[in-house]
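Written below as structure tokens is the structure these notes are about.
The values are calculated or read from the model by the stated rules, or taken from the named source; none is laboratory data. Keep in mind that this is a model prediction, so the values were computed, not measured. Positions of Cβ are generated from backbone atoms using ideal geometry, with glycine treated the same way; all protein chains shown enter the neighbour counts.
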Amino acid sequence: MTTTEHDNYVTLKEAPRGCIQSVQFIPMDANITGGQPWGGISTSSPFTPGGSLQLNAKAGRHDSPGPAQWFNDRAPVNISQNNSPIKNLNFAFIGELILNGDTYIIAFGQGNHGSGESPWVVGGHGFRGPFRFNQSSIQTPDGKYELSYNGGDSMSQFELGATNCVQGSATS
């Protein structure tokens, strides 16, 4: 088993007209495949409207059922790249996601397709969904915000937006 620590990035990007003014993430706990290194989680520069927040989990990349079960216990409502059951992950972590001052407990996990790609999953207790035709979107427990798998070539990017965003501004 390889025990190299890697930079593993996941990006939370504001959706077009997403009405997101601030995003923060505060890590709380993590689970990683046994024998793999764990260097913790850091975040990029502060989020600015129209921008993104990047999380970097410094960890090994050997998947196993342990982190997947840990993630599933904390994120029974989740979205993944191909919407298949989450059976193996390299690691998973949980923390506070703060959107425009509203706080949600959310979990992230990273898997391994064996092709050099490392797709991410995201979810939490009480989240709503998945939504959309391909099950690629969930909403926060209060329904105020939506997280969507961005798709395309990136397997590590999720878009954020306020569900009540009208003409570029969120309504109450």
Q) Taking interchain pairs and intrachain pairs at least six residues apart, which have beta carbon atoms under 6 angstrom, with the first residue in the range 142-171 and under 18 Å from PHE25 (Cβ atoms) and acidic (Asp, Glu) and the second at pLDDT 85 or above and not in a strand (DSSP E or B)? A) GLU146/THR163; GLU159/ALA15
Q. What single numbered condition from (1) in contact (Cβ under 8 Å) with a residue 60 or more places away in the chain; (2) not in a strand (DSSP E or B) fails to hold for GLY66?
A. (1)
Q) Any idea which of ASN88, ASN31, ASN78 is in contact (Cβ under 8 Å) with a residue 60 or more places away in the chain and over 28 Å from THR163 (Cβ atoms)? A) ASN31
Q) Looking at ASN56, ASN100, which one is surrounded by fewer than 18 Cβ atoms within 10 Å (Cβ to Cβ) and in contact with a Cys (Cβ under 9 Å, 6 or more places away or on another chain)? A) ASN100
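Give ILE98, ILE94, ILE86 a once-over and let me know the one that is touching a helix residue (DSSP H, G or I) at 6+ places or on another chain (Cβ under 9 Å), under 19 Å from SER137 (Cα atoms) and in a strand (DSSP E or B). Before you say what the answer is, go through the steps one by one.
Working: ILE98 fails: touching a helix residue (DSSP H, G or I) at 6+ places or on another chain (Cβ under 9 Å); ILE86 fails: in a strand (DSSP E or B).
After ruling out the rest, the residue left standing is ILE94.
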Q: Give the residue that is modelled with the lowest pLDDT, with candidates limited to residues of the range 69-83 that are part of a loop (DSSP other than H, G, I, E, B) and of a type outside the set (S, T, N, Q).
A: PRO76
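Taking ARG61 as the residue in question, decide whether it is outside any strand (DSSP E or B) and touching a Cys at 6+ places or on another chain (Cβ under 8 Å). Let's see the steps before the verdict.
Values: outside any strand (DSSP E or B): yes; touching a Cys at 6+ places or on another chain (Cβ under 8 Å): no.
No; evaluated as a whole, the condition is false for this residue.
If I filter the range 21-39 for residues that are crowded, with 18+ Cβ neighbours inside 10 Å and at positive phi, do I get at least one hit?
No, the range 21-39 has no match at all.
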Q: Go through (1) in contact (Cβ under 8 Å) with a residue 24 or more places away in the chain; (2) polar (S, T, N, Q); (3) outside any strand (DSSP E or B) one by one and return the number of the condition SER45 breaks.
A: (1)
Q) Quick check, is THR33 modelled with pLDDT under 95, of a type in the set (S, T, N, Q) and more than 17 Å from TYR149 (Cα to Cα)? A) no
Q. Just checking, how many residues over the range 51-76 are in contact with a Lys or Arg (Cβ under 7 Å, 6 or more places away or on another chain) and more than 20 Å from SER156 (Cβ to Cβ)?
A. 1
